[in-house]
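The values are calculated or read from the model by the stated rules, or taken from the named source; none is laboratory data. Being a predicted model, the structure only gives us computed values, none of them experimental. Cβ: placed from backbone, ideal geometry, glycine included. Neighbour counts: every protein chain shown.
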Amino acid sequence: MADSMHTTPQLAGLRERANARLSPDTQPNLKRGGAKDALAVLHQLASSPDTAADALAVLHELQVHQVELDLQAEELHASRSELESALRRQLELYDHLPVGSFTIDRALIVQELNLTGARMLGIERDEAFGWPLESFLVPSSARALRQLVSRAVSGDRNASATLQLAGKAGKVTLVQGHVSADPSGDGVFVVLAAWGGPHVT
């Protein structure tokens, strides 16, 4: 039925009559009422024997389209719920990885980190944002980190080295650092894993 409706001259005539019913006085109300007013005009046309068949066909098509939109909305809502649930699981996994995970910019400023990373630095997570990651390393390791970042940005996928975290009261913790460039932006990923010496608690 829908295919024939798109080609029938009656449909074009019906639309012309519907437009004629929408006088300049009713146009502002239509803009405010939207689909509700348009359907009211369609119902009026359906009450006339001359236009009833085509008007009812158009009305049926609109109703089917509305049902399709409702089903799409339900599917989108379900998909959004699934994505939000998956995101929560990924964030939970990220926070509790057994390694410190950081996102820094090319100036080595911390943009993101997980809870393990914050514990490695000996501070609360919120305190780390805006600080250069190198400030938590002994000077030689800070220089090594800058070199690793430079290598990673240049395309080296094996930019890694043993680094020394400078903890409180002069405590030094050895970690294995691996650096890689963020393929979707200007950020740099840094992973720090405990490597011998004192363990992070």
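Tally the residues that are free of Cβ contacts under 8 Å to residues at least 12 places away in the same chain and under 27 Å from residue 183 (Cα atoms), restricting the search to segment 148-170. Walk me through it before giving the result.
First, the residues of segment 148-170 that are free of Cβ contacts under 8 Å to residues at least 12 places away in the same chain: 150, 154, 156, 158, 169-170.
With under 27 Å from residue 183 (Cα atoms) added as a condition, the list becomes 150, 154, 156, 158.
Residues in segment 148-170 being free of Cβ contacts under 8 Å to residues at least 12 places away in the same chain and under 27 Å from residue 183 (Cα atoms): 4 in total.
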For segment 119-133, give me the residue count where each residue is more than 23 Å from residue 98 (Cβ to Cβ) and touching a residue at least 24 places away in the same chain (Cβ under 8 Å).
1
Only unsatisfied item for residue 140, checking (1) small (Gly, Ala, Ser); (2) crowded, with 17+ Cβ neighbours inside 10 Å; (3) at pLDDT 95 or above, is (2)
Report every pair of residues separated by at least 6 positions or lying on different chains whose Cβ atoms are under 9 Å apart, first residue within segment 83-108 and within 21 Å of residue 128 (Cα to Cα) and in the same structural domain as residue 184 (by TED's automatic domain parsing), second in a helix (DSSP H, G or I) and aromatic (Phe, Trp, Tyr).
101/94
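State the number of residues belonging to segment 108-127 that are hydrophobic (A, V, I, L, M, F, W, C), assigned to a loop (DSSP other than H, G, I, E, B) and in contact with a strand residue (DSSP E or B) (Cβ under 7 Å, 6 or more places away or on another chain). Show your work before the answer.
Here is the first cut: in segment 108-127, the ones hydrophobic (A, V, I, L, M, F, W, C) are 108-110, 113, 115, 118, 120-121, 123.
Remaining after also requiring assigned to a loop (DSSP other than H, G, I, E, B): 108, 123.
With in contact with a strand residue (DSSP E or B) (Cβ under 7 Å, 6 or more places away or on another chain) added as a condition, the list becomes 108.
Total meeting the criteria: 1.
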If you go through segment 94-123, how many residues are surrounded by fewer than 15 Cβ atoms within 10 Å (Cβ to Cβ) and within 11 Å of residue 191 (Cβ to Cβ)?
2
Only residues that are hydrophobic (A, V, I, L, M, F, W, C) and either closer than 15 Å to residue 139 by Cβ or surrounded by 13 or more Cβ atoms within 10 Å (Cβ to Cβ) (or both): list them for segment 162-188, please.
163, 165, 166, 172, 174, 175, 179, 181, 188
Scan segment 148-157 and tell me whether some residue there is assigned to a strand (DSSP E or B), buried (at least 18 other Cβ atoms within 10 Å of the Cβ) and out of contact with any Cys (no Cβ under 7 Å at 6 or more places or on another chain).
no
